[in-house]
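Just below is one structure, and these are the notes that go with it.
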Amino acid sequence: MKKQNFNLHTHTARCGHACGLDIQYISCAKEAGIDLLGFSEHIPYVEMRLPECRMFYEQKEEYISSIRRLQNELHGWIDIKVGYEIEYLENHYEYLMQMKKDCDYMILGQHCKYIGYEYDCCCTDEDVLIYAMQIEKALAKGFITYVAHPDYYMLGRRSFNLVCAEAAHRIAKASIDYDVPLEINLNGFHYGKKFYQMGSQIVERYPYPFREFWEIISEYGCKVLYGYDAHTPIAFLETDRLDKADEILKGVPLNFIDSVSFK
């Protein structure tokens with residue numbers, strides 16, 4: 001598969017589970033042949049005080065100003081954007097719209113059902129359908145540039161059943177209806193392989209990218225891109241990430257795009 005020259009899923013040390021300076025991410029991205037680098041730090045929530053999960057609300061101004069400064073200083077050498085990776089929570093919609101005023105874009109990484117209820121810990125059949133519904137509602141609002149790791153719900157699963165397939169179909173339809181790309185995430189490998197019940201068989205797989213999910217996506221012709229989901233600068237130089245993803249998705253006819261439109 002063709003290597004893309006942009007990445008919009010980049011974190012910083014501010015989230016508490018990443019490392020490195022902002023300039024180090026930029027330098028490694030440029031060395032890897034990336035011409036457009038978007039920073040998409042986890043959006044802070046006032047009521048969330050988890051230093052190893054995401055930056056505090058008080059850090060948002062420093063985050064925006066730091067990336068904006070580098071954006072200006074390095075203009076002409078590399079194109080830099082500043083954004084957020086957000087969860088769509090209906091009771092935080094006005095807050096999201098307020099935060100969007102200061103950034104270039106937002107990507108949707110639906111990690112939780114609500115603050116405190118994370119899908120990666122356990123994702124029931126009911127949760128899977130709520131996850132799909134949250135993505136549908138977010139895309140209908142028209143402010144999401146793309147959906148990060150849309151198969152994220154498989155991290156909290158140990159089976160891929162008809163409900164999981166239904167969620168994939170719903171996410172694909174929303175992607176087509178609202179013209180929003182879906183991301184093949186290159187960071188799911190760090191969780192290691194898990195055992196999944198697939199019909200009568202038990203198979204060992206990475207949580208994402210999850211092949212059966214992407215086989216369904218391919219039926220719709222959804223726009224698809226890669227996201228490094230970088231938590232260290234050196235991630236951009238780890239070419240095995242792309243190799244692993246390509247091996248998992250070998251033979252799946254996906255509609256890769258060469259550029260992205262910011263919303």
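Once the C-beta distance of Lys250 and Asp125 is scaled by a Förster radius of 30 Å, the resulting FRET efficiency is 0.55 to the nearest 0.05.
Quick one: net charge around Glu219, please, counting Lys, Arg +1 and Asp, Glu -1 for every other residue with C-beta under 12 Å from its C-beta. Please report the intermediate quantities before stating the final value.
Working: positive: Lys173; negative: Glu212, Glu215.
Result for the local shell: -1.
Do any trypsin sites (Lys or Arg not before Pro) in region 15-69 lie in a DSSP loop with no more than 14 other beta carbon atoms within 10 Å, and if so, which?
Loop-located and lightly packed - Arg49.
Local charge sum around Val82 (other residues, Cβ-Cβ under 9 Å, Lys/Arg +1, Asp/Glu -1)? Value of the local net charge: -1.
Report the calculated FRET efficiency for Leu237 and Met133 (r = Cβ-Cβ distance, R0 = 25 Å), to the nearest 0.05. Given R0 = 25 Å and the Cβ-Cβ separation, E is 0.10.
Taking only protein heavy atoms into account and a 1.4 Å probe, give the accessible area per residue of region 69-154 in Å².
39 Å²
Spatially, region 49-105 and region 10-32 are offset by 14 Å when compared through their Cα centroids.
Computed over the chain, the per-residue total of -39500 (n - 2.57) for DSSP H runs of n ≥ 4 gives a 222 nm mean residue ellipticity of -10000 deg cm²/dmol, rounded to 500. Loop-resident chymotrypsin sites (Phe, Trp or Tyr not before Pro) (DSSP state other than H, G, I, E or B) in region 22-68 with no more than 16 further Cβ atoms inside 10 Å of their Cβ: Phe56.
The H on the amide N of Ile78, modeled in the peptide plane, is under 5 Å from the matching H of no residue at least 5 residues off or on a different chain.
Rounded to the nearest 10 degrees, the angle from helix 60-73 to the longest Cα principal axis of the chain is 70 degrees.
For the chain, the relative contact order works out to 20 percent when only alpha carbon pairs closer than 8 Å and six or more residues apart are counted. Averaging Cα coordinates gives a centre for region 191-210 and one for region 216-263; these two points are 19 Å apart. Loop-located trypsin sites (Lys or Arg not before Pro) across region 80-118 with a Cβ neighbour count of 16 or fewer within 10 Å are Lys101, with loop assigned by DSSP.
Could you pull out every one of the lysines with an alpha carbon less than 16 Å from that of Lys223, ignoring same-chain neighbours closer than 8 positions? Cross-link targets: Lys2, Lys3, Lys173, Lys263. Angle between the Cα long axis of helix 211-220 and the longest principal axis of the chain, 0 to 90 degrees, nearest 10? That helix lies at roughly 80 degrees to the long axis. Summing charges over all other residues whose Cβ lies under 11 Å from the Cβ of His9, with Lys and Arg as +1 and Asp and Glu as -1, gives -4. Across Gln98, Gln110, Gln71, mean-square fluctuation computed from a Gaussian network of the chain (C-alpha pairs under 10 Å connected) peaks at Gln98.
The values are calculated or read from the model by the stated rules, or taken from the named source; none is laboratory data. Note that the coordinates shown come from a computational prediction; the quantities given were computed from them, not determined experimentally. As a convention, Cβ positions derive from the backbone with ideal geometry for all residues, glycine included, and neighbour counts pool all protein chains shown. Note: accessible area is taken over every heavy atom of the protein model, side chains too, but ligands, DNA and RNA are not part of it. Shrake-Rupley method; radii C 1.70, N 1.55, O 1.52, S 1.80 Å.
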